[in-house]
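Since every read-out is calculated from the coordinates, none of them should be taken as a lab result. Just so it is clear, the model here is predicted, and its values are computed rather than measured. For neighbour counting, all protein chains shown are included, and Cβ atoms are generated from backbone atoms with ideal geometry for every residue, glycine included.
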Amino acid sequence: DVYYSGTQEARDLTNIDIENDPLNAAVWHYGWIGPMPPLEAKPDSGIDFIYSYVEGGVKITGIWGDDTNIDIVIPGEIDGQPVVGVGDFAFSYFDITSVVIPEGVTYIEEYAFSGCESLVWVSLPSTMETIANAAFKNCTALNEVIYNGTEAQAAEIEIGAENNDPLRNSTWQYAIEDEPEEPDSGAEARMQNSLPSGS
């Protein structure tokens, strides 16, 4: 992990020599403010979320802890700030079996859950707006999406067309039924007016 106080654009403009593969291959956390996480305090068990501050709250960028056959429940708030997004590669290749993403999260970035071959189901909030390309790439066991809204709301989510087939092909369960369409009262009135009048 690399904790960088600048933006990804600033990092891309930094001249990193070619023989720095470990640095380039590490997970970069942008916009980091404050002290670096104490690596010596890294827990041996349990889950701790790594995050960075972004506009409107915090974005999940990774986890610490035992990553074997775990169920992830992302909190709605961390350090007094709302969780608004899931960053790129945040859970990539972790051995997770399910994930609950809370209300308030609006986006999932590229490769966030890529390679999570044990992931069976995911719960998405009704606030979700965009899911980037390859966010669920190679999630070969994924078969169910529980969406905390209506089918019509789910249709409004912008899902990246590339490498998100596991998500698209899953069975979607909706927490709220779509409202039935109201009958066209005007059409009923027109029908009544078109009937022949009695003599």
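Overview of values
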| read-out | value |
| --- | --- |
| Backbone HN-Hα couplings from phi across segment 18-26 [Karplus 6.51/-1.76/1.60, Hz, Gly and Pro as x] | 5, 8, 10, 4, x, 5, 5, 7, 5 |
| Residues with amide H under 5 Å from that of G57, placed H, sequence gap 5 or more | none |
| Packing-based ranking, highest mean first, of 117-123, 139-145 given that Cβ atoms within 10 Å are counted | 117-123, 139-145 |
| In sequence order, calculated HN-Hα J values of segment 121-135 (Karplus, 6.51, -1.76, 1.60; Hz; x Gly/Pro) | 9, 9, 10, 10, x, 5, 7, 4, 10, 9, 10, 6, 3, 6, 4 |
| Amide H contacts under 5 Å for Y51, placed H, 5+ residues apart | T61 |
